Amino acid sequence: MSERQSLLERIPWTLVLTLLAATVPFFASRYYIDLATYIAIFALFATSLNLLLGTTGLVPFGHAAYFGIGAYVCGLLMGELQVPFLLAFVLGGLGGALFAAIFGFFCVRLTKVYFSMLTLACAQIVWAICFKWNEVTGGEQGYPRVPMPDIPFLDWLPVHPRSLQMAKFYLVALALCAIGIYLLRRITLSPFGRILNSIRDNAERAQFIGIDVRRYQLYAFIIAGGFAGLAGGLFGVYKRGVFPDYAYWTKGAEVLIMSILGGINHFWGPTIGAAVLILLNGAVVSYTEYWPFVLGVILLVLLFAFPGGLLGGLETLWRRVKGRG
Amino acid sequence: MLEVKNLRKSFSGFVATNDVSLTAEKGKVTAVIGPNGAGKSTLFNLITGHLVPDAGEVLLEGRDITGIAPHRICKMGMARSFQRTNIFPNLTVYENLQAAFIAYGGQSLNMFGVARRQFRDKTEAMLESLALTDVAHMVAGEMSHGAQKQVELGIALAGDPTILLLDEPTAGMSAQETRESIELLDRIAKERGLTLLFTEHDMDVVFSISDKIAVLHQGRIIATGKPEDVRLDAEVRRVYLGGGKH
């Protein structure tokens, strides 16, 4: 059994999935390039959340705050100060991390549901600032003047001229998200990640192997906030504007649902969850306007049938098949 | 080695630890016994920093460690196991011990190494010495109670402690498991020259391996001394060993 699994583990999944995803613009329509861009960005966002959820055992309700901050920092820097895209993108991530450090300092002082509520409160503060600070954030109307980067070095792409701009941005976004996810994977599998696992499993015991639990939870919070900020920056550029609802708590709930749908105990769970949810949303919305209803039913069935999410369910199935064979 | 002086702790009026003084000598096995609710666990929590005493001092090799956070105390060479089994239940046995070595080995902030490749030799040696090699890749939370206790002992030993505090190491074990784990403890303590301080309800265990016994009753130490002296102590027999009526 361990032989088989180590073979599965040896496949460089980040590379394989990225290369597969990179083929999308060469055969698919603009509609699917759009969905694929969403999936790439939300995969990074949801995976950053899962560093807290699945790896450290913290349930943040306010992860959208750092996504929103990243989006505003990146978007405003590009639109107002003509900062180049890549630099603004990185600064957006740093912005997310900085705010995560400030809010996280307080949040990790509480545990369980109180932690969750405090992260939600922090996110609502961020949202309220974005919503009301008209001079800087554009207030309720948002800031719709984020320029789309030109990316001339990809002009040679053999795609339909009408999809070229989308395809170029998609490939750049995909590469950046893949790097982000790869880094998160390294962190998850690192000794630091193992310490986070031990905190998730048993914080009291972790303390007595010499771990300052709050400090490590804060580090995880900062890293997760940073990567959420990167995802937010990309999203703002893609939508060519940043709006207060990026930081609204429902955005955070969306990634929470993606992670749980895909399976929080697997590194790739949130990515799968993001892909499934976005594709389903796309498919269902074209038939009915009752998407939230459909989503509710899917979640209900899933949580009862596969408590470990889609990947958890697949794993159980895989074990059963092997047990028989 | 470890010295507790006039320790006192009360919880909203109830005095759980009342002027307790105790020493555990280097390389010796010291037992703290007493009926349920005598304050054994509270005493341990005061020593390991999980609780802060109202008065008194805890000295570890002459250093005052009273009220210091548990994660600091544990870096000074004190390890403990808990009364209810306290491991990392979703990790495998191997990963449990490896996590402890990572933490003690100062690799906790290493974000770009690979956890699986850390401290393999040490982890495997520890598995070997605890007879856990065969179950190394089982999820720790799914194992028998006795085996989980071994894992917990392994986690505690990973820091190469000089003093080990064990809170009821054989609680919930069968007679067979109890005997095996006591033999194991005794062997490991001798091999490593460990100072052992433990609480235990099984009197056979206590009298067979202790060099010194302290009897706690209603938060106070009522007797302390060699096993044979404690066994004959009139007050101990009356309140605890149940021999008073004879």
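A single entry from B:D167, B:D160, B:D229, B:D204 fulfils the requirement of being in contact (Cβ under 8 Å) with a residue 24 or more places away in the chain, surrounded by fewer than 16 Cβ atoms within 10 Å (Cβ to Cβ) and of a type in the set (D, E, K, R): B:D160.
Okay, residues lined up against (1) surrounded by fewer than 24 Cβ atoms within 10 Å (Cβ to Cβ); (2) in contact (Cβ under 8 Å) with a residue 40 or more places away in the chain; (3) within 13 Å of chain B (Cβ to nearest Cβ):
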| residue | (1), (2), (3) |
| --- | --- |
| A:V136 | yes, yes, no |
| A:P149 | yes, yes, no |
| A:H160 | yes, no, no |
| A:F169 | yes, yes, no |
| A:A178 | yes, yes, no |
| A:S198 | no, no, yes |
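Residues in segment B:105-124 that are at the interface with chain A (Cβ under 7 Å from one of its Cβ atoms) and buried (at least 22 other Cβ atoms within 10 Å of the Cβ): B:S108 only. Pick from segment B:85-122 the residues that are touching a His at 6+ places or on another chain (Cβ under 8 Å) and of a type in the set (S, T, Y): which of them is farthest from A:N197 (Cα to Cα)? Of everything passing the filter in segment B:85-122, B:T85 is farthest from A:N197 (Cα to Cα).
Quick check, is A:G252 surrounded by 15 or more Cβ atoms within 10 Å (Cβ to Cβ) and under 18 Å from the mean Cα position of the chain (by Cα)? Don't jump to the end; show me each part of the working.
Numbers: surrounded by 15 or more Cβ atoms within 10 Å (Cβ to Cβ): yes; under 18 Å from the mean Cα position of the chain (by Cα): yes.
Against the criterion (surrounded by 15 or more Cβ atoms within 10 Å (Cβ to Cβ) and under 18 Å from the mean Cα position of the chain (by Cα)), A:G252 qualifies.
What helices (runs of 4 or more DSSP H) completely inside segment B:129-246 contain at least 3 residues that are at pLDDT 90 or above? Before you say what the answer is, go through the steps one by one.
Working: elements: B:145-157, B:175-192, B:203-209, B:227-232.
Of the helices (runs of 4 or more DSSP H) lying wholly inside segment B:129-246, those with at least 3 residues that are at pLDDT 90 or above span B:145-157.
For segment A:112-134, the tally of residues that are more than 19 Å from A:A253 (Cα to Cα) and surrounded by fewer than 16 Cβ atoms within 10 Å (Cβ to Cβ) stands at 3.
Per-residue answers, yes or no, for (1) surrounded by fewer than 24 Cβ atoms within 10 Å (Cβ to Cβ); (2) of a type in the set (A, V, I, L, M, F, W, C); (3) within 21 Å of A:G62 (Cα to Cα):
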| site | (1), (2), (3) |
| --- | --- |
| A:R215 | yes, no, yes |
| A:L218 | yes, yes, yes |
| A:A247 | no, yes, yes |
| A:L280 | yes, yes, no |
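Every residue, every condition in (1) in a helix (DSSP H, G or I); (2) within 30 Å of B:L127 (Cα to Cα); (3) outside the structural domain of B:P227 (by TED's automatic domain parsing), yes or no:
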position	(1), (2), (3)
B:K26	no, yes, no
B:A31	no, yes, no
B:F44	yes, yes, no
B:G56	no, no, no
B:H71	yes, yes, no
B:P89	no, yes, yes
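Out of B:I73, B:I68, one residue alone is within 14 Å of another protein chain (Cβ to nearest Cβ), farther than 21 Å from B:S210 by Cα and surrounded by fewer than 19 Cβ atoms within 10 Å (Cβ to Cβ). It is B:I68.
Restricting the search to segment A:282-325, which residues are aromatic (F, W, Y) and exposed (fewer than 10 other Cβ atoms within 10 Å of the Cβ)?
Taking segment A:282-325 and keeping what is aromatic (F, W, Y), we get A:287, A:290-291, A:293, A:304, A:306, A:318.
Passing the criteria: A:Y287, A:F304.
So which residues in segment A:306-325 are small (G, A, S) and modelled with pLDDT of 85 or more? If the condition is that a residue be small (G, A, S) and modelled with pLDDT of 85 or more, then A:G308, A:G309, A:G312, A:G313 are the ones that fit. If you go through segment B:76-85 and keep only what is within 17 Å of B:K40 (Cβ to Cβ) and at the interface with chain A (Cβ under 8 Å from one of its Cβ atoms), you end up with B:R80, B:F82.
The values are calculated or read from the model by the stated rules, or taken from the named source; none is laboratory data. This structure is a prediction, so every number in the text was calculated from the model and none was measured. We place every Cβ from the backbone using ideal geometry, glycine too, and count neighbours over all the protein chains shown.
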